[in-house]
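Read through the structure below, which is laid out as structure tokens, and then see the notes.
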Amino acid sequence: MDLGTTACEQIGLHRLRVISVHGALWLQTHFPSSEWDVLLNGQACFGLDCLSQLLDDADAAGLKVQLPIAA
């Protein structure tokens, strides 16, 4: 597993969890360096539509992702 999700405190939002170095490197290619710390520490929350698109893209890139998104 390279990327996973956990529920945020706010209903309808989920955190993206980095599980492997491959997941971390993939995130670094998709977000500016100013956002890496928040992402790599599992502090960024996303709506389901955005998170689904990110995970679909990661899956298409060959990463192992947690699907479906955990509620």
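The values are calculated or read from the model by the stated rules, or taken from the named source; none is laboratory data. Fair warning: this is a prediction, and the values are worked out from it, not measured in the lab. Here Cβ is always computed from backbone atoms with ideal geometry, including for glycine, and neighbour counts include all displayed protein chains.
Data table
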{"read-out": "Residue in region 26-56 that is nearest to the chain's Cα centre (by Cα), counting only those that are part of a loop (DSSP other than H, G, I, E, B) and over 18 Å from T6 (Cα atoms)", "value": "F31"}
{"read-out": "Of residues in region 21-57 being of a type in the set (G, A, S) and touching a Lys or Arg at 6+ places or on another chain (Cβ under 9 Å), the one modelled with the highest pLDDT", "value": "G23"}
{"read-out": "Any chance E9 is surrounded by 13 or more Cβ atoms within 10 Å (Cβ to Cβ), of a type in the set (D, E) and on the phi < 0 side of the Ramachandran plot", "value": "no"}
{"read-out": "Test set (1) among the β-branched types (V, I, T); (2) farther than 12 Å from T6 by Cα; (3) modelled with pLDDT under 90 - I69 fails condition number", "value": "(2)"}
{"read-out": "Unmet requirement for G62, which otherwise passes all of (1) part of a loop (DSSP other than H, G, I, E, B); (2) in contact with a helix residue (DSSP H, G or I) (Cβ under 9 Å, 6 or more places away or on another chain); (3) touching a residue at least 12 places away in the same chain (Cβ under 8 Å); (4) surrounded by fewer than 18 Cβ atoms within 10 Å (Cβ to Cβ)", "value": "(3)"}
